[in-house]
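The values are calculated or read from the model by the stated rules, or taken from the named source; none is laboratory data. If you're wondering where the values come from, they're calculated on a predicted model, not measured in any experiment. No Cβ is skipped: glycine too gets one built from the backbone with ideal geometry, and neighbour counts run over all protein chains shown.
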Amino acid sequence: MPSVLFVCVHNAGRSQMAAGFMTALSGGKVEVLSAGSAPKDSINPIAVEAMAEVGIDIANNVPKVLTTEAVQQSDVVITMGCGDTCPFFPGKRYEDWVLDDPAGQGIESVRVIRDEIKNRVEALLKEII
């Protein structure tokens with residue numbers, strides 16, 4: 001089973017939405033992890049609301065700190081604005097998704113980010129399963 005790690009700075013918005021979509025859309029065929037280089041205490045409530053609108057519940061997720069072990073156990077590492085803080089290991093697939101940070105944004109803006117994340121997750125899924 002392929003493993004995908006989604007990483008952003010706070011692990012409170014983009015990476016949580018991406019992990020939510022990957023979990024929901026993969027039907028259990030992908031191991032999904034998410035983490036942040038400087039995690040917040042809780043998930044962005046606007047991200048939770050935006051995901052709930054499409055039937056995906058991320059409300060009980062908890063931001064996690066990025067660890068070397070999480071990167072090592074992943075086949076694909078997707079970074080979203082965390083720069084060079086993600087450890088690099090040969091043989092892994094790395095992609096950097098340039099996406100606006102939903103922090104401090106209203107629901108309309110977060111919906112646009114959410115929909116872009118969904119499109120990218122769907123494309124990635126077609127490539128890995």
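Restricted to the range 67-96, and to residues there that are among the β-branched types (Val, Ile, Thr) and in a strand (DSSP E or B), the residue that is farthest from GLY13 (Cα to Cα) is VAL76. Test SER74 against the criterion of being of a type outside the set (A, V, I, L, M, F, W, C), under 21 Å from LYS118 (Cβ atoms), surrounded by 13 or more Cβ atoms within 10 Å (Cβ to Cβ) and in contact with a Lys or Arg (Cβ under 8 Å, 6 or more places away or on another chain), and give yes or no. So SER74 fits the description; yes. Taken over the range 1-56, residues that are closer than 14 Å to GLY104 by Cα, hydrophobic (A, V, I, L, M, F, W, C) and part of a helix (DSSP H, G or I) amount to 4.
Residues that are modelled with pLDDT of 95 or more and out of contact with any Ser or Thr (no Cβ under 7 Å at 6 or more places or on another chain) within the range 2-11 comprise just one, PRO2.
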